[in-house]
1. Quick one: how many Å² of Phe42 are accessible to a 1.4 Å probe, rounded to 10?
2. With a 1.4 Å probe and all protein chains kept in place, how do Asp210, Asp260 rank by accessible area, largest first?
3. Given a 1.4 Å probe, how much area per residue of segment 4-88 is accessible, in Å²?
4. How much accessible area per residue does segment 183-322 have, in Å², with a 1.4 Å probe?
5. Using the Cα centre of segment 180-322 as origin and beta-carbon charges of +1 (Lys, Arg) and -1 (Asp, Glu), tell me which of His231, Ala269, Ser255 is placed farthest towards the positive end of the dipole.
6. Which percent of the accessible heavy-atom area of segment 144-289 goes to carbon and sulfur, probe 1.4 angstrom?
7. How much length is gained on full extension from Asn45 to Val158, taking 0.36 nm per residue of separation minus their Cα-Cα distance?
8. Quick one: ranking Asp235, Asp245 by accessible area, 1.4 Å probe, largest first, what do you get?
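The values are calculated or read from the model by the stated rules, or taken from the named source; none is laboratory data. Please read all numbers here as calculations on a predicted model, not as lab measurements. Cβ atoms come from the backbone with ideal geometry, glycine included; neighbour counts cover every protein chain shown. Surface areas here come from the heavy atoms of the whole protein model, side chains and all, with no ligands, DNA or RNA. Shrake-Rupley method; radii C 1.70, N 1.55, O 1.52, S 1.80 Å.
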Amino acid sequence: SELEGYKLGTVVRLAVYTKDEKRGGLILSEAMGEVSRMEGLFSVNIASSEVSRINAAAGREPVKISRETMELLERALYMARESGGAFDPTVGPLVALWGIGTEHAKVPSAEEIKRALSYINYSLVKIDKENSSAYAASGQRIDLGGIAKGYIADKLSVFLRGKGAASALIDLGGNLAVVGKAPSGEPWRLGLQHPLKPRGEYFAVVSASDESVVTSGPYERYFEKDGVRYHHIFDTKTGYPAKSDLASVSVVSKSSADADAYCTALFVAGFHKSLEFLRLHPDIKAVLVSKDGSSVYVSSALKERFSLRDNSMKLSFYGEER
């Protein structure tokens, strides 16, 4: 059974393979309900969400939050520390200022950017587990857009397994997660979006089971002004879209939330810093595509299950030198 819906600002596709078609359909509509429920907790675009309520009370008081929002926020702050702020959940003021992906996208003034940057500091967000509350400093705006889809994909995997789905595919636009093996009994074969070609054109295929593959790049959301293209992945050091020398980053991981945040962090860090970081963290399996699309660098841990489709790209594996 398959089900599609527009949620989380993207097309959500769910497929579950059960012996009983009707049961499959029921499981899927429940799963879609779960997506809506979690979007209602985490989305900054929903005024009543828990994240929006934390932002509305920023600088005034802590806000009571559910266990899930607490778990996601904790993970986001952990990933911010891990990546030295290349991923930062307090990026909200910049996201709101630029408005990329909305009707009112604009290039802000240097003054506006400076003001927005002054509020971006993940270490000012306080979580109180005993009282299950969270507090943001005055002027701060938490935006979990870079990790929430991954967290939701992880939760859906657990949910579908709990419902007895032995084989399922979760596609949250750029975030893929698979439960078990494909219906054929082989690992799933997941295409990696070519960053310089139309949606649905893949440059490579990765095989995976019980895993997540997340791809992030500037081609997902952007706007153009005076011939310059501005994308939605911000560098919180400059306040501008990251001037990365990468066209896209994919991360293969058991945790879709981690993969989501690492994609953002690696894209912002750029090629050289990413390679340094990945050499220190050999457990993170990544695929980096150079800005011009001519080269692809793949974790040697993926060697057995990575196949390049676009033969014009030069393929190298990193991490073998150990």
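1. Accessible area of Phe42: about 10 Å².
2. Numbers: Asp210 60, Asp260 15 Å².
Reading off the accessible areas and sorting them downward yields Asp210, Asp260.
3. On the way: 4210 Å² over 85 residues.
Counting only protein heavy atoms, the per-residue value for segment 4-88 is 50 Å².
4. Per-residue value: 48 Å².
5. Final value for the positive-end residue is His231.
6. 53
7. Numbers: separation 113, 0.36 × 113 = 40.68 nm, distance 2.58 nm.
Result: 38.1 nm gained on full extension.
8. So the residues, ranked largest to smallest area, are Asp245, Asp235.
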